[in-house]
Amino acid sequence: MGSPGRDRLDRIFKAYDVRGRVDTGELDAEVAERIGVGFARVTGASTVALGRDCRPSSESLAAAFREGVLSQGCDVTDLGELPTEVVYYHSGRYRIPGAVVTASHNPAGYNGLKFCHRGAAPIGSGTGLERIREEARAWSGAAGAAARGGVTRHDALPGYLEHVFGIVDPAGIGELRVAVDGGNGMAGPVVNRLFRHLPSSTSMGLYLEPDGTFPNHPADPLNPDNLTDLVHLVREQEADVGVAFDGDADRAVFVDEQGVPLPGSTTTAIIARWFLALRPGARIVHNLICSRSVAEAVRSAGGVPVRTRVGHSFIKAVMAEKDAVFGGEHSGHYYFGDNYGADSATLAMLVLLTVLTGAGVPLSELRRGYEPYAMSGEINFVVTDPTAALRAVESAFSGASLDRLDGLTVDLGDSWFNVRPSNTEQLLRLNAEAPDSGSMDELVDRVRGVIDSS
């Protein structure tokens, strides 16, 4: 078997996972098999768990990846088609590494792989991903073990539902009308089973049938254009809350009863305070582009906020290191200590429904106490030289308080912003926050002027 080439592997191995185009052959069965070999060798496990999403290419890529793992004498527990978070649960419960064939929120022409070590510990840049790439590159095609591994098929969903309801008591969720947009991704099978355990609540579903061609809209809930149908359903059916999942259903965006989306920072703060009522003094992790309101809400509830870099592999590592009970990202990923530190959109939804049941006010009113500032959202700038542009921003704001935990964060007292280079493109990503929208717009314009002239 010939090598797929250094450039090709370098293109598809990102900071946190593998992602590439299948419609152009960038990621194909040969590459997937090589990655399976690398995964088996790097983890050194006797058994690994494997899941996949519903994309047309996922079954064949999963079969090729499985072949690579088996060739190394490693067994595979094939979990079939299911959400990424269920693979993390299985990895945590059975203490085995896991892999999922998915491209998350990307269009159907893409696919990829997410990985975890045994116990759902993260695999990303610095925690094994580069070693998997190098093992994949070096593999000659020869079998690596005298005896092939074997395959066992397992339905992990019943155990997962029992697990999440051991964390969030379904009896605490009352008579709510919940609109759910599955985006034709992997949320549907879980949502349909989950609401059977919530007899007081009524669910109204959109696009819950898995279809990896995503015929209705892209499965990316961070894009407001993809929330249009959910917002219409919420208003038409007078739902208490709407939930939109991404393609592999490990991320969720929530919409209040007026059809207005909640920023991930708002959801993070609400869930954090719920946990702190149960576990006073606990640590809560948030990444550095979350609103200041998150740390303020944690402190006011008696908790300890812990600030991290952006990215799931980083936040999972900090969750474990700090023994945190919960972590949130502005992007809609939510992490739970009781869930082996892994992210779960399902658990985030269950906690929010529990909070809403006990609040006695609509979500549009509840959220007000968590949104004292104006946020820009992520703004991308195409730049020729990201490093030079970042230096220009640092020079322009040299009189402010600066930190470099992830890119450059500039603290101006009543406002702040972060500028980070993209891991994969010639982009700078800007997130800014100020006391009001006018001040925020002025700050964004000021940073934009520096970047455009760099």
Does any residue of region 19-35 turn out to be in contact with a strand residue (DSSP E or B) (Cβ under 7 Å, 6 or more places away or on another chain), within 23 Å of Ala108 (Cβ to Cβ), crowded, with 23+ Cβ neighbours inside 10 Å and of a type in the set (D, E, K, R)? no
Which of (1) without any contact (Cβ under 8 Å) to a residue 40 or more places away in the chain; (2) open to solvent by 40 Å² or more (accessible area, probe 1.4 Å) does Leu206 not meet, given it meets every other one? (2)
Helices (runs of 4 or more DSSP H) lying entirely in region 341-454 (those with 2 or more residues that are surrounded by 19 or more Cβ atoms within 10 Å (Cβ to Cβ) and of a type in the set (Ser, Thr, Tyr)): 345-359
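Suppose we filter Gly73, Gly80 for residues that are in a strand (DSSP E or B) and either open to solvent by 20 Å² or more (accessible area, probe 1.4 Å) or out of contact with any Asp or Glu (no Cβ under 7 Å at 6 or more places or on another chain) (or both); which single one remains? Before you say what the answer is, go through the steps one by one.
Numbers: Gly73 fails: in a strand (DSSP E or B).
Criteria check complete, one pass: Gly80.
Pull up region 327-340, narrow it to residues that are on the phi < 0 side of the Ramachandran plot and open to solvent by 10 Å² or more (accessible area, probe 1.4 Å), then point me to the one that is farthest from the chain's Cα centre (by Cα). Break it down stepwise before answering.
Taking region 327-340 first, the residues on the phi < 0 side of the Ramachandran plot are 327-331, 333-339.
Subsequent filtering for residues that are open to solvent by 10 Å² or more (accessible area, probe 1.4 Å) retains 330-331, 333, 337-338.
Working: His330: 10, Ser331: 7, His333: 4, Gly337: 15, Asp338: 17 Å.
The extreme case among them is Asp338.
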Being open to solvent by 30 Å² or more (accessible area, probe 1.4 Å) and either acidic (Asp, Glu) or modelled with pLDDT under 95 (or both) narrows Pro215, Pro199, Pro170, Pro158 down to just Pro199
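Looking at Gly68, Gly51, can you tell me which residue is part of a strand (DSSP E or B), within 26 Å of Gly126 (Cβ to Cβ) and in contact with a helix residue (DSSP H, G or I) (Cβ under 9 Å, 6 or more places away or on another chain)? Break it down into steps so the answer makes sense when it comes.
Details: Gly68 fails: part of a strand (DSSP E or B).
The match here is Gly51.
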Inspect region 218-232 for any residue being open to solvent by less than 10 Å² (accessible area, probe 1.4 Å) and under 30 Å from Glu67 (Cβ atoms) and give the result as yes or no. yes
Number of the condition not met by Asn184 [criteria: (1) open to solvent by 30 Å² or more (accessible area, probe 1.4 Å); (2) part of a loop (DSSP other than H, G, I, E, B); (3) under 21 Å from Gly51 (Cβ atoms)]: (1)
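So is Gly124 open to solvent by less than 60 Å² (accessible area, probe 1.4 Å) and on the phi > 0 side of the Ramachandran plot or not?
Details: open to solvent by less than 60 Å² (accessible area, probe 1.4 Å): yes; on the phi > 0 side of the Ramachandran plot: no.
Spelling it out, it is not the case that Gly124 is open to solvent by less than 60 Å² (accessible area, probe 1.4 Å) and on the phi > 0 side of the Ramachandran plot.
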In region 156-181, residue nearest to Val255 (Cα to Cα) [restricted to those that are of a type in the set (Gly, Ala, Ser) and part of a loop (DSSP other than H, G, I, E, B)]: Gly174
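Yes/no per residue for (1) under 18 Å from the mean Cα position of the chain (by Cα); (2) surrounded by fewer than 23 Cβ atoms within 10 Å (Cβ to Cβ); (3) of a type in the set (A, V, I, L, M, F, W, C):
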{"position": "Leu278", "(1), (2), (3)": "no, yes, yes"}
{"position": "Ala282", "(1), (2), (3)": "no, yes, yes"}
{"position": "His286", "(1), (2), (3)": "yes, no, no"}
{"position": "Ser291", "(1), (2), (3)": "yes, no, no"}
{"position": "Ala301", "(1), (2), (3)": "no, yes, yes"}
{"position": "Pro305", "(1), (2), (3)": "no, yes, no"}
{"position": "Gly311", "(1), (2), (3)": "yes, yes, no"}
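The values are calculated or read from the model by the stated rules, or taken from the named source; none is laboratory data. In this text the structure is predicted, and so the values were computed from the model without any measurement. Cβ sites come from the backbone with ideal geometry, for glycine too, and all protein chains shown count toward neighbours. Ligands, DNA and RNA are stripped out before the accessible areas are found, and what is left, the full protein with its side chains, is counted by its heavy atoms. Shrake-Rupley method; radii C 1.70, N 1.55, O 1.52, S 1.80 Å.
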